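The values are calculated or read from the model by the stated rules, or taken from the named source; none is laboratory data. All values derive from a computational prediction rather than experimental measurement. Cβ atoms come from the backbone with ideal geometry, glycine included; neighbour counts cover every protein chain shown.
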Amino acid sequence: MTSDGPVCISVINMKGGVGKTTVAALLGRHASLAGLKVLAIDLDPQANLSQAFMGDQYKQFLADKKPSIVELFNGFRPPTPTTRLPTSIDVEDVMVSNTSLGGRNLKLIPSRFDFSDQLIDAVRPDQRVLANVIADSSEDWDIVLIDCAPTESILTRVAYQASRYVLVPVRPEYFATIGFPLLKDSLDDFKGRNRGHTIEVAGIVINNSSYHYSGNRGGPERRRSTIEIKREGQKNEWHIFEQEIPFSRGFPKIMRGDFSHPGDAVFFPDFAREFFEHIGLDS
Ligand SMILES: Nc1ncnc2c1ncn2[C@@H]1O[C@H](COP(=O)(O)OP(=O)(O)O)[C@@H](O)[C@H]1O
Ligand SMILES: [Mg+2]
């Protein structure tokens, strides 16, 4: 198998709590452990991806007022306890390496809770900032993963501007596909305004699946919603990954840095391998 070269993927669903951050973090970890050079970008002001990768370090990061994606967009670092002038920002300064969850080959651009307020306050936030940052450092990465907020905003366009693919995690539950038409409209609108840009949905991954490796196939509601997901996905010609990510209490634990009882979370690599192969990346 050969690799088609570096690639940027945004993990998006206009619905919260479906596993976007979990999938982004664990794909990043999987790729990093497989020796790929990974850039993970937290575009969600909730900063869950940053907390997952940095663990307890994240509190210190906030306390030290270290630069984050906020400063990357502002283009400068404001005065801090140690610098008394605004100073210029170097992209390298914003990247956190050696995160506990991410391993040696992963760097993270962390987010901060005031990110959306800062963008609203900016006169015209530049939705191309991130794409430019990635373009300038493109030789440093095999894969760039962007974790997105569930609401459509300028941040969604920021993610699109940088991305070749969109990955959509869904949970098989009532109203599972409520975000699909929003995502389709938002992508179509983006494509209409950016005719030179190739971007497509790489696929839908069913997360929190009841299809337990341990045998539990879930109740009728889960089966109904899985059928609905497949139908709505096909309507948009969105691929659906064969490997589902099982429900496992191991996932929240791993996201807190506790690998002691991963349970069915050990099956995540089955999906990761299928995903990487699908987008033409060796892992
Ligand atoms: N497959 C899974 N099994 C069990 N819990 C999961 C699974 N995927 C996600 N979770 C948990 O569900 C919650 C929401 O997941 P998260 O990745 O933060 O979603 P999102 O980023 O879409 O809001 C988190 O507490 C996470 O640990
Ligand atoms: Mg999230």
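Does residue 156 satisfy being touching a residue at least 60 places away in the same chain (Cβ under 8 Å) and either part of a helix (DSSP H, G or I) or over 19 Å from the mean Cα position of the chain (by Cα) (or both)? Judged against the criteria, residue 156 is a match. Being assigned to a helix (DSSP H, G or I) and of a type in the set (Asp, Glu) is a property that residue 258 lacks.
For the range 97-129, give me the residue count where each residue is β-branched (Val, Ile, Thr), within 19 Å of residue 26 (Cβ to Cβ) and part of a loop (DSSP other than H, G, I, E, B). Quick ask: steps written out before the conclusion?
Here is the first cut: in the range 97-129, the residues β-branched (Val, Ile, Thr) are 99, 109, 120, 123, 129.
Subset that is within 19 Å of residue 26 (Cβ to Cβ): 99, 109.
Narrowing further to those that are part of a loop (DSSP other than H, G, I, E, B): 99.
Going through the range 97-129 one residue at a time, the tally reaches 1.
Scanning the range 116-138 for residues that are touching a residue at least 24 places away in the same chain (Cβ under 8 Å) and within 30 Å of residue 5 (Cβ to Cβ) yields 125, 126, 127, 128, 129, 130, 131, 133, 134, 136, 137, 138.
Go through the range 125-178 and give me each residue that's closer than 16 Å to residue 12 by Cα, among the polar types (S, T, N, Q) and more than 16 Å from ligand 2 (Cβ to nearest atom). Hits for the range 125-178 are 161, 163, 177. For the range 141-153: of the residues being within 22 Å of residue 177 (Cβ to Cβ) and more than 10 Å from the chain's Cα centre (by Cα), which is nearest to ligand 1 (Cβ to nearest atom)? Looking at residues that are within 22 Å of residue 177 (Cβ to Cβ) and more than 10 Å from the chain's Cα centre (by Cα), I get 150. Scanning the range 101-121 for any residue that is of a type in the set (A, V, I, L, M), at pLDDT below 95, surrounded by fewer than 18 Cβ atoms within 10 Å (Cβ to Cβ) and farther than 15 Å from residue 38 by Cα turns up at least one such residue. Just for the range 191-221: of the residues that are modelled with pLDDT under 95 and among the hydroxyl-bearing types (Ser, Thr, Tyr), which one is farthest from the chain's Cα centre (by Cα)? Looking at the filtered set, the residue picked out is 214. The number of residues in the range 52-63 being out of contact with any Ser or Thr (no Cβ under 7 Å at 6 or more places or on another chain) and either free of Cβ contacts under 8 Å to residues at least 12 places away in the same chain or crowded, with 24+ Cβ neighbours inside 10 Å (or both) comes to 4.
Taking residues in the range 2-28 that are over 16 Å from residue 268 (Cα atoms) and at pLDDT below 95, and partners anywhere that are part of a helix (DSSP H, G or I) and away from ligand 2 (no atom under 11 Å from the Cβ), the pairs with Cβ atoms closer than 6 Å and at least 6 places apart or on different chains are 14/182; 14/183. Scan the range 222-242 and tell me whether some residue there is part of a helix (DSSP H, G or I), hydroxyl-bearing (Ser, Thr, Tyr), over 23 Å from the mean Cα position of the chain (by Cα) and farther than 30 Å from residue 57 by Cα. For the range 222-242, residues part of a helix (DSSP H, G or I), hydroxyl-bearing (Ser, Thr, Tyr), over 23 Å from the mean Cα position of the chain (by Cα) and farther than 30 Å from residue 57 by Cα: present.
Scanning the range 30-56 for residues that are within 16 Å of ligand 1 (Cβ to nearest atom) and touching a strand residue (DSSP E or B) at 6+ places or on another chain (Cβ under 8 Å) returns 40, 41, 42, 43, 44, 48, 49, 50, 53, 54. The set of residues in the range 159-188 being touching a helix residue (DSSP H, G or I) at 6+ places or on another chain (Cβ under 8 Å), in a loop (DSSP other than H, G, I, E, B) and more than 14 Å from ligand 1 (Cβ to nearest atom) consists of 174, 177.
Give, as residue ranges, the helices (runs of 4 or more DSSP H) completely inside the range 1-77 that count at least 1 residues that are within 13 Å of ligand 2 (Cβ to nearest atom).
Numbers: elements: 20-33, 48-54, 57-63, 69-74.
In the range 1-77, the matching helices (runs of 4 or more DSSP H) lie at 20-33, 48-54.
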